[in-house]
Each structure stands twice: as structure tokens, then as C-alpha cells.
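The values are calculated or read from the model by the stated rules, or taken from the named source; none is laboratory data. Predicted model only: the values in this text are computed from it and were never measured. Every residue, glycine among them, receives a Cβ derived from its backbone with ideal geometry; neighbour counts consider all protein chains shown.
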Amino acid sequence: MKRRFFAISRKVFASSRLFKLVTIVVFDLCSAELSLWMALSILSGVLHRPVEKEWIAYLLAPVLMLPVFLLFGIYNSVQRFNSFESFYTIFKSVVFYGLLFFSVFLFLNVPIVPLSAGILQPILFLLLTGGGRALPRMLSSRIEHHHQKSSNTADNILVYGAGSAGVEIVRAIGRSKKYSVAGFIDDKEDLQGRSINGITVFSSQEAEELVSQGAIKNILLAIPSASRRRRNEVVEQYRKYQVHIQMLPVVEELVEGKVNIFDIKPVDIVDLLGRDPVPLDYALIDQVISSQIILVTGAGGSIGSELCRQLLQARPSTLLLIDNSELNLYSIHRDLTLRSARISSATRIVPLLCDVTNRERISEIVRTFRPQVIYHAAAYKHVPMVEQNPAEGIRNNVFGTRSIAEVARQHGVRSVVLVSTDKAVRPTNIMGASKRLCEMILQALAAESGHATCFSMVRFGNVLGSSGSVVPLFRNQIKSGGPLTITHEKITRYFMTIPEAAQLVIQAGAMASSGDLFLLEMGEPVKIVDLARNMIELSGLTLRSSENPDGDIEISFTGLRPGEKLYEELLIGNHSLPSANPRIFKTREHFIPWSALQAELDQLAAAINSNDARSIKSLLKQLIPEYQPTIETTEDLLAMEKQNGYNAGTG
């Protein structure tokens, strides 16, 4: 019988729009008449039978109701999805109708009908129409719930957070067949043990018991306003179980507070390792960026693209994008154009294909557009790749930086900010040594007199999710079933999110004096093996090991790669000074005066042109005393192939 009832109800909801509209209009007309009959019956104390002029009141009720309901747009909403706003509209409509009904009633002065009927009838009418709207929604919810239970295909899910976001997402889930909501979890004791829309609110301990029993496959964090630390605590509590943890975006990412099933996303390692933001000095940033012409090199890269997004918020007059990758430049230009339209920005966005080592092209761009600030993010950064292609790595990183710096000084650019890396500290690889040499170029030029350009550098560690970094690698390896490859079980790295890094680069550049080298506070270093375990567990999988041979994914140690360090540092010396921002420090480190450095750079250029990897490494050691390469025999792959071909040809 129950199954037949639900089947009939589904057919009704699946009927045509016209049929449902006629049904609800007829229901409202009947409700108007029924409520008047009930009012008169209550007032007279007996079941009312209309006589004589009383029929005027029965005709008056539907004649007044229908135009009022049409005027308020009552029949434009879908009844089974009625929200609080819909019921509020009904309330306003009935109040307006009641005032009109009573006024006309009073004007007609029907003596045998009591005036109190003009007050009681609208109240009863509101109860009938409101209840009539609530019934389809309740039935729709029960039908969906019954369908999920009968199909037995929906995964059980607990929603952490019984606030507005949690309730809203449960409504969205109710319209989906993907999940079956088993309950809410909330930290507020006054909510625990109660129910919201028929769904029980559990305490954290009660929920943990359910999860441990294996009845729950998913937990959704619907606490968008919670701090990152609080979200981490919740994830840590349930991560030990084989449960898939998902989340809603943070408040800033939700549009107008409305959420739907498509907003649900897996908890990412970025959400755990990233930190709560530190307030920035937006007044200072606006002073430096707003209405100015800004140039970003490497604009299509991980850091460069986020720099551009952050800079767009400060509304520069022109944003110049330089990149040597056509695809990357197209992607960031399109992204910024769409963002600019959304925020109604008047910023002119100019994409410029250019290699930063092409000094003539760079000079022409700077001379033509006259940028006030340059953020230099263009660089080759993949350690093993640069180690195997040292000549091109040095050419792009070092001589690209020299090109940008000298052109900026020549054309009076107000500020140049170099994006550097912790690998520049006591470098063990070509990439790190090249970035340290980039810093030295800017330090040397900053010490020169006769120019007004402010040269500064910002040094930070690994950026979560940047292209070529460990997080995207692990994501792909997890998708393919593993193993997750780690070079050494003791290797550690500093991490920060891409948005945080970009914000702090802009902040540091805004408060720089020429020659300042800024260090971004990176927090505690993270063991890569712990990072791998966390990502496996967040995916709802288990680590395969000798203790757990039936696990899903294993970790494989492959050995340190050429030029790779077990740990990274941020300071060459031991002295750093605080700045106005608690996550930014500054220091001054040794460098070679520009007059002497120029001659050394010319020798390095000659070694690059001859593709002589040994000479390149030897010159780097002379320029950077703390450079200690982990291997001595690094060769350029092109030079090695040419040498092998020559030997084969003469053998």
C-alpha cells in the first residue's frame, strides 16, 4: 500500500505544468470558500448553511483572492521546491487579501454576517494555503528518501555543521540520488540530540562511533566560516577511518550564501597545510598598484598567474602579461578578462609573447608601455630538468633577470620585485645557484648610484599545487593506483599556498627599500612521507605496507635526484629583521659589486654559448661560495649526445 502511494505521488509530480497549475488554483478557490464556511460555523456554533445575502460573502472570497494571488506571483513557483521566501510571499498575499476582504465586507454591510468573519476567515485561509504548499514539499522529500532507500545505491553521508550552509546542502542532496544523509554533526550542545527537517544532529563522539562501525562512507564539512585550524582538527579526528572526507568551499568562494551539490569537493592537502590568512596592508598595496601600469613576467606560470589575479583586485590602469608560452599566456589572459568583467574592472590587460632573455624585445615593451612596477616571476624551476640542461637554465634564469633589471634601470622603472626561492640558500643544484645569482644581480644593481629603481627580492619555499610540484604528482599517482614515489624517507620541505605566496610577494614589494631581500615565514617544515600518507587517507584509501599488506596504495622510495637536498633553508646567514607584516622578514646578504659581477657574468655567458657544463659549474662556484653541488659530473644532455655521436662516428 505504501509503495503504491509513493508510485502515485511520483506520477502526480511528473505530470504537466498546466495540470499542476490548475490543481493549485482550484485548491486555493476551495480553500477560500472552506475557510469562510469554517469561520461562520465557528462564530455561529453550528455547521453553517448560507442563506439570503450570506451568499455574497461566499462569492466575494474567491473573486478577491484570485487577482491578489496573481498580482503577488503566487502561481509562478514550483510547489514542491517552495522555500521560506515562497511562504513569506503567501503570507503577504493573504494579509493583503484579508485587509481587502474585511474592507469590502465592511463597505457592503451585510447585517446577518458578523464582521468578525472578515478577520477569522483570512487566518483560516492562511493556514489552509500554507499547509497546502507545505504538503507537496514534504511528499517530495519523502518520495526521494523512499526512492534512495529502495534503490540502495546512495552512499550514507554525515554533514558536519548544522548551520545554514549545512541545512542548504542537505536540501540540495535531497534532490540528488548520489547521497543519503544519515545525520548532522555539530559541536553545539543545544543542537545535539535534536532533529532538523527530520534529520538527527549527533555529537562528534556519537558520529565517530557510527563511522567506526563502517555505516558511513562520506563526511561533508559544511562549515565554510570555520578557520583552517578548526577544519584541520575535524579532518584529523576522522582521517583514521576509511571514510571519504569532503567539504564546501570557504565563505569567500560561495556565491550569495547559496550552495548546491556541485559545490562539494574533496578535502585537499592544500586545505590542511595552508594557514589562516594574515591581514594585509591593502591601503599600502593600493597606493603602489592602483591606477599604475604593472608588468608581470612569467605571467602564465603558477606564481605569475596568481600574482596577476591578486594584482587585478587592486585595479591597476594596465596589466602587462609577459610569457614565452603561448598556451600559458592565452590561459591567463582569458582568465583575467573574465574576472575583470565580473568585478567591472577598467584595467587594460595586455598579453605579450616574449622571452625574458630577449633584451631588445623587453626594452621595446618597457619603453612603449612605461610600467611603474615589474614583478619578475619568469624562471625555469624544476630542479632535475635544469640540472640536465644547465646552459638553458642559467640563460633563462640569470640572464633573463639581468635583462629585466638593466632595462628597468635604463628606463626608470620605479620598482622591480624578484620572485626567488629557498633553493637559493646554500644551493646544491644548478636551479638554486641560478636563483642565488639572480638575487646577487639585483643586490649589486641596488647598490649602484645614479638610478631611482628600487630592486627587491622575495624568497620562499615550495608552493602547494604549483605546476611540477609534489602535490599534483601525488594526485595523479593516487588516481592511477600508485605507488607514490618519494626520493628519501627523511626529505622535508616548507610549503605555502599559491594565493598566500602571491599576496605576500605583493605586500613585500609594496614596502621595500632598494636592496631588501624578504623572507616569507613558512611555518614548520613538512616531511614528504607524511604528506603522502595524508593524501592517501584523504582520498578514502589506505596505505599498503608490511603492517597492512591489504592496503590500497604503497609508497616507493627512489633515492635523491641530482642536486636534491634533504631539507631547505631560508637564510644564508643567521640574521633577519621583522617587518610590518608578521609573516615577512627581511635580511641583507653578501653580494659582488656590479663592476666586478659584470665581468663574471660575461664569462658565464661565454660558457653558456659553448654549452660547457663544467665551466658553467666552475664559474658558479666562484661566484657563489656556498654553492656545493651534490654531484660533480653533471653534463648538458645536448652536449653529451653530441659527444657520444662524435665518438661513435670516429670509432
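Annotation note: of Ile553, Ile616, the sole residue that is crowded, with 16+ Cβ neighbours inside 10 Å, within 30 Å of Leu484 (Cα to Cα), at pLDDT 85 or above and among the aliphatic types (A, V, I, L, M) is Ile553.
Could we say that Arg436 is surrounded by fewer than 20 Cβ atoms within 10 Å (Cβ to Cβ) and among the basic types (Lys, Arg) here? No: the conditions fail for Arg436.
Residues in region 197-219 that are under 29 Å from the mean Cα position of the chain (by Cα), aliphatic (A, V, I, L, M) and either within 16 Å of Val167 (Cβ to Cβ) or in a strand (DSSP E or B) (or both): Val201, Ile219. In this entry, Ser576 passes the filter for residues that are under 30 Å from Thr453 (Cβ atoms), hydroxyl-bearing (Ser, Thr, Tyr) and touching a residue at least 12 places away in the same chain (Cβ under 8 Å). Answer yes or no: is there a residue in region 346-358 that is in a strand (DSSP E or B), β-branched (Val, Ile, Thr) and surrounded by 22 or more Cβ atoms within 10 Å (Cβ to Cβ). No, region 346-358 contains no residue that is in a strand (DSSP E or B), β-branched (Val, Ile, Thr) and surrounded by 22 or more Cβ atoms within 10 Å (Cβ to Cβ). Considering only residues in region 363-378 that are of a type outside the set (A, V, I, L, M, F, W, C) and touching a helix residue (DSSP H, G or I) at 6+ places or on another chain (Cβ under 7 Å), the one that is farthest from Met431 (Cα to Cα) turns out to be Ser363.
Restricting the first member to region 524-540 and to residues that are under 15 Å from Gly482 (Cβ atoms), and the second to residues that are of a type in the set (Phe, Trp, Tyr) and modelled with pLDDT of 85 or more, the beta-carbon pairs closer than 8 Å and six or more apart or on different chains are Leu531/Phe474; Ala532/Phe474; Met535/Phe474. Quick check on this structure: which one of Gly559, Gly551 is in a loop (DSSP other than H, G, I, E, B) and under 31 Å from the mean Cα position of the chain (by Cα)? Answer to the selection: Gly551. Determine whether Arg339 is assigned to a helix (DSSP H, G or I), within 20 Å of Val407 (Cα to Cα) and in the same structural domain as Ile404 (by TED's automatic domain parsing). Taking the combined requirement at face value, the residue does not satisfy it. Here Arg544 clears all of (1) buried (at least 21 other Cβ atoms within 10 Å of the Cβ); (2) modelled with pLDDT of 85 or more except the condition numbered (1). If you go through region 367-387 and keep only what is crowded, with 20+ Cβ neighbours inside 10 Å and either hydrophobic (A, V, I, L, M, F, W, C) or in contact with a Leu (Cβ under 7 Å, 6 or more places away or on another chain) (or both), you end up with Pro371, Val373, Ile374, Tyr375, His376, Ala377, Ala378, Ala379, Val383, Val386. Of the residues that sit in region 286-315 and are surrounded by fewer than 23 Cβ atoms within 10 Å (Cβ to Cβ) and in contact with a Gly (Cβ under 9 Å, 6 or more places away or on another chain), which one is farthest from Phe460 (Cα to Cα)? The residue in question is Val288. Tallying residues that are under 20 Å from Val416 (Cα atoms) and charged (D, E, K, R) within region 501-526 yields 1. Modelled with pLDDT of 85 or more, in contact with a Lys or Arg (Cβ under 7 Å, 6 or more places away or on another chain) and under 25 Å from Ile394 (Cα atoms) - does that describe any residue in region 580-601? Yes, the conditions are met somewhere in region 580-601. Within the set Glu387, Glu392, the sole residue that is among the charged types (D, E, K, R), in a helix (DSSP H, G or I) and either closer than 19 Å to Ala605 by Cβ or not assigned by TED's automatic domain parsing to the domain that holds Gly300 (or both) turns out to be Glu392.
Yes/no matrix, rows are residues, columns are (1) touching a residue at least 12 places away in the same chain (Cβ under 8 Å); (2) at positive phi; (3) surrounded by 16 or more Cβ atoms within 10 Å (Cβ to Cβ); (4) not polar (S, T, N, Q):
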{"position": "Gly461", "(1), (2), (3), (4)": "yes, no, yes, yes"}
{"position": "Leu464", "(1), (2), (3), (4)": "yes, no, yes, yes"}
{"position": "Val471", "(1), (2), (3), (4)": "yes, no, yes, yes"}
{"position": "Gly481", "(1), (2), (3), (4)": "yes, yes, no, yes"}
{"position": "Ile486", "(1), (2), (3), (4)": "yes, no, yes, yes"}
{"position": "Thr492", "(1), (2), (3), (4)": "yes, no, yes, no"}
{"position": "Thr497", "(1), (2), (3), (4)": "yes, no, yes, no"}
{"position": "Ala501", "(1), (2), (3), (4)": "yes, no, yes, yes"}
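The set of residues in region 407-436 that are out of contact with any Pro (no Cβ under 7 Å at 6 or more places or on another chain), closer than 22 Å to Leu307 by Cβ and aliphatic (A, V, I, L, M) comprises Val407, Ala408, Val416, Val417, Leu418, Val419, Ala424, Met431.
Whether a residue is part of a strand (DSSP E or B) and either at pLDDT below 95 or touching a helix residue (DSSP H, G or I) at 6+ places or on another chain (Cβ under 6 Å) (or both) was assessed, and Ile322 does not pass this test.
Taking the criterion of being under 22 Å from Glu626 (Cβ atoms) and either under 32 Å from the mean Cα position of the chain (by Cα) or outside the structural domain of Leu517 (by TED's automatic domain parsing) (or both), the residues of region 395-431 that qualify are Asn397, Thr401, Leu418, Val419, Ser420, Thr421, Asp422, Lys423, Ala424, Val425, Met431.
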